[in-house]
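The structure appears right after this line, and notes come after that.
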Amino acid sequence: MNHLLLIVIVPVVATVIAAHVQYPQQTSLLYPVQSKRIRTQEKIITDCMTVWSEEGHLYYKSQTNDPTVCGIYIISKPEQTVHVYFDYIDVPCNTGGLIAFVDGWELNGQLFPNEQDHPKPMEERFYEICGTKKRKQVYKSSQNAALIQFRVPRRGNGFSFYVSFINNPTPCNILMEGITDIYTLRNYGKPVNCSLTMLNPAQVKILSLGVGLGHGQKRNPTEHETGTIHKCDKRGLPDFVQVGGGDGLGQLSVIDSICGTNSEPEHSVETIMCGVTTVRLVSSGQFHNAVTVAVAPTDGGATPTLVCGQ
């Protein structure tokens, strides 16, 4: 599928996120197809690249005939997914105009979540729209991040849409900005890969580990801990946690892969000096896996565990 491609440098996006992302306490919207009673944030999009983290009603109207591809990056809380409903579309196909809803984020041609970690095939993650007919479809993301790419090359054309955040009881892939917090990745006994991805250098500390060996499908309170086992992928073990980073969403240099059961892992902190920091849980479905990590922006005095771009 020849979907739109938006080229944006990752550190720039990370800077915008750090400056603007907040998680307000709001109830979910009701779309016009469900109710006419809507009180929500109104936003006119004027920049080619926008990061949006609230429920609201957004408008875009082209002021030029520029065919540049632009993007609206939407991010919610980790335990939410993103729903988008277009209530107005005036983007004629014959002018080269196009809107694309992306299930995830795309940066420099690389995707979050990547193809191996997303529950849907690639062709089901991109939805293209053009014309003037209003659609009643609600476009839904599988995680807390979604992207609207658009090319509106005729002045006066544009579109508007509602953004709503829906609670997700089983979050798997999580995108986050540069804050200090604690997260638990789980596979819920399924053969899935889950990741926690930060668009900034970060420090990562494993707080508890229950992955693979010694952590069966049925949880046993008397189960003996194995301790933290290192280099699990190289040992041929099917379930493990990777910690690392890269210069893009599709790049991951792994400093270690760990598995086992350990309620009090060693107190080492991994300092990842990369544009993207990732903790990735790989699961075969044979075990109920969980890993709890503390993440924080890098400390200027910390010794790097991994440095990218060298």
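The values are calculated or read from the model by the stated rules, or taken from the named source; none is laboratory data. What you are looking at is a predicted structure, and each value in this text was computed from that prediction instead of being measured. The protein model used for the area step is the full one, side chains on, heavy atoms only, and it has no ligands, DNA or RNA in it. Shrake-Rupley method; radii C 1.70, N 1.55, O 1.52, S 1.80 Å.
What translational diffusion coefficient, to the nearest whole µm²/s, does segment 114-160 have by Stokes-Einstein, given a Kirkwood radius computed over alpha-carbon pairs, a temperature of 4 °C and 1.567 mPa s viscosity? Please list the in-between numbers first.
Details: Rh = 13.3 Å.
Translational diffusion coefficient: 98 µm²/s.
Just to check I understand the Karplus step: with θ = phi - 60° and J = 6.51 cos²θ - 1.76 cosθ + 1.60, what whole-Hz values come out for segment 42-52, glycine and proline as x?
9, 9, 9, 7, 10, 8, 5, 10, 10, 10, 10
Could you tell me the extents of segment 221-298's C-alpha atoms along the three principal axes, largest first, rounded to whole Å?
Computed over segment 221-298, the largest-to-smallest principal extents equal 41, 25, 19 Å.
What number do you get for segment 43-167 when its Cα radius of gyration is normalised by 2.2 N^0.38 Å, N = residues? Write out the running numbers ahead of the final one.
Numbers: Rg = 13.9 Å, N = 125, 2.2 N^0.38 = 13.8 Å.
In units of the globular-protein estimate, segment 43-167 measures up at 1.01.
Please list, in chain and number order, the residues 5+ apart from LEU111 or on another chain whose amide H is under 5 Å from its amide H, with Hs placed from the backbone.
Sorted by chain and number, the residues that satisfy this are GLY250.
Among the listed pairs LYS140/LYS205; LYS43/LYS205; LYS77/LYS231; LYS77/LYS234; LYS133/LYS190; LYS77/LYS205, which are separated by more than 28 Å between their Cα atoms? All intermediate terms of the calculation are to be shown ahead of the outcome.
Details: LYS140/LYS205 32 Å; LYS43/LYS205 38 Å; LYS77/LYS231 32 Å; LYS77/LYS234 34 Å; LYS133/LYS190 40 Å; LYS77/LYS205 21 Å.
Distance filter (> 28 Å) returns LYS140/LYS205; LYS43/LYS205; LYS77/LYS231; LYS77/LYS234; LYS133/LYS190.
Solvent-accessible area of GLU54, probe 1.4 Å, all protein chains present, reported in Å² to the nearest ten, please.
Here the residue's solvent-accessible area equals roughly 50 Å².
Hey, any idea what % of segment 100-222's accessible area is carbon plus sulfur with a 1.4 Å probe? Display every interim value, and only then the final one.
On the way: 2550 of 5220 Å².
Carbon and sulfur: 49 percent of the exposed surface of segment 100-222.
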